[in-house]
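Just so you know, all these numbers are worked out from the coordinates, no wet-lab data involved. A quick note: this is a predicted structure, and the numbers were derived from the prediction, not measured. Note that each Cβ is placed from the backbone with ideal geometry, even for glycine, and that neighbours are counted across all protein chains shown.
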Ligand SMILES: NC(=O)c1ccc[n+]([C@@H]2O[C@H](COP(=O)([O-])OP(=O)(O)OC[C@H]3O[C@@H](n4cnc5c(N)ncnc54)[C@H](OP(=O)(O)O)[C@@H]3O)[C@@H](O)[C@H]2O)c1
């Protein structure tokens, strides 16, 4: 029996993950959402192996309470999925600092706070998997997605260091980099600032139509959730899981360019050390 804990299970990937995990006999599920009523869809699967908890990842008391309730429900937390997150569409110059900070509170600081709260238990167990929802936009970037990308690059840098710290203790850290998928991440909760500065007119359409991602992205949330479950359950996985064509091809192209640039600077790079 493996116990999964998921943040942001009210919609999108989190809801798909919870729905699919709820149907697996060998899984104990702890699904969390800001509003407990948003988890009512799980009631049809209730077979004693599902715990629903209220959790806003920006609220430290709620995190502590969720960890305590989880450990009362299950001796062991095998998989922590840091899924909660939201989008923000604006040029860098026209971004609203308060909205950007709020996005970072969820996408990065919330993820980090939930992880820190579970680490003592994971260390005690000497095993576990932390799945951090990053983004294809942490493998490459697009205009008007700068601060969103930054929040996901933060997740990547954080995860890479965490991996080095807890890997020797038996804890794996998987970052998932999905391409655009048909969830609510670009919907009403996402901030959007249509460029007003004439120099950024080329990006007006991108922001104005950002909500179209919700219905028109190629990524299928059910398939993405299935891929995550399959990969984690297999126990044999890399550190990164790019999903979708954009993540694969866009990420590969960007990182290949980066490798080329670093190699091209070999002499200058090595010349500054004594
Ligand atoms: N869909 C994509 O194209 C895509 C691509 C790459 C990465 N991602 C990432 O995938 C993750 C899941 O997003 P999604 O695409 O499934 O979007 P979604 O349908 O909007 O789901 C996001 C979830 O996060 C929750 N959430 C927001 N703020 C929260 C907070 N303060 N505390 C707890 N939960 C909170 C939402 O809950 P409420 O319903 O209460 O707001 C919702 O359950 C996010 O980290 C997102 O950045 C998405």
Original post:
Which residues in the range 164-197 place their backbone N less than 17 Å from a point set 7 Å from the Cα of residue 215 along the Cα-to-Cβ direction?
Top reply: 181-189
Subject >> Shape category assigned to the range 215-274 from the gyration tensor of Cα positions, a/c cut at 1.5 >> reply: oblate
Original post:
In percent, what relative contact order does the range 2-271 have, based on Cα pairs under 8 Å that are 6 or more apart in sequence?
Top reply: 19 percent
**OP:** Kindly rank 242-254, 187-199, 73-85 from highest to lowest mean number of other beta carbons found within 10 Å of each residue.
**Re:** 73-85, 242-254, 187-199
**OP:** Compare 239, 96, 43 in a GNM of the chain, Cα atoms joined below 10 Å, and give the one with the largest fluctuation.
**Re:** 43
**OP:** Evaluate the distance, in nm, between pseudo-label points positioned 7 Å from the Cα of residue 65 and of residue 142 along their respective Cα→Cβ axes.
**Re:** 3.8 nm
**OP:** Just grab the label-to-label distance for residue 46 and residue 72, each label 7 Å out from Cα along the Cβ direction, in nm (one decimal).
**Re:** 1.6 nm
Original post:
For residue 245 and residue 202, FRET efficiency with R0 = 22 Å and r from the beta-carbon atoms, rounded to 0.05?
Top reply: 0.40
Original post:
What percentage of all Cα-Cα pairs in the range 70-192 are separated by more than 17 Å?
Top reply: 57 percent
Subject >> Fewest-first sequence of 41, 200 by Cβ atoms within 10 Å of each Cβ >> reply: 41, 200
Subject >> P(r) tail fraction, the range 133-274 - alpha-carbon pairs more than 18 Å apart, % >> reply: 66 percent
Subject >> Contact order relative to length of the range 98-183, as percent, for alpha carbon pairs under 8 angstrom and 6 or more apart >> reply: 38 percent
Original post:
Full extension from residue 188 to residue 127: what is 0.36 nm times the residue separation minus their Cα-Cα distance, to one decimal in nm?
Top reply: 18.2 nm
Subject >> Cα-Cα separations in the chain greater than 34 Å, expressed as whole percent >> reply: 20 percent
Original post:
Using alpha carbons only, how many degrees (0 to 90, rounded to 10) separate the axis of helix 60-73 from the longest principal axis of the chain?
Top reply: 40 degrees
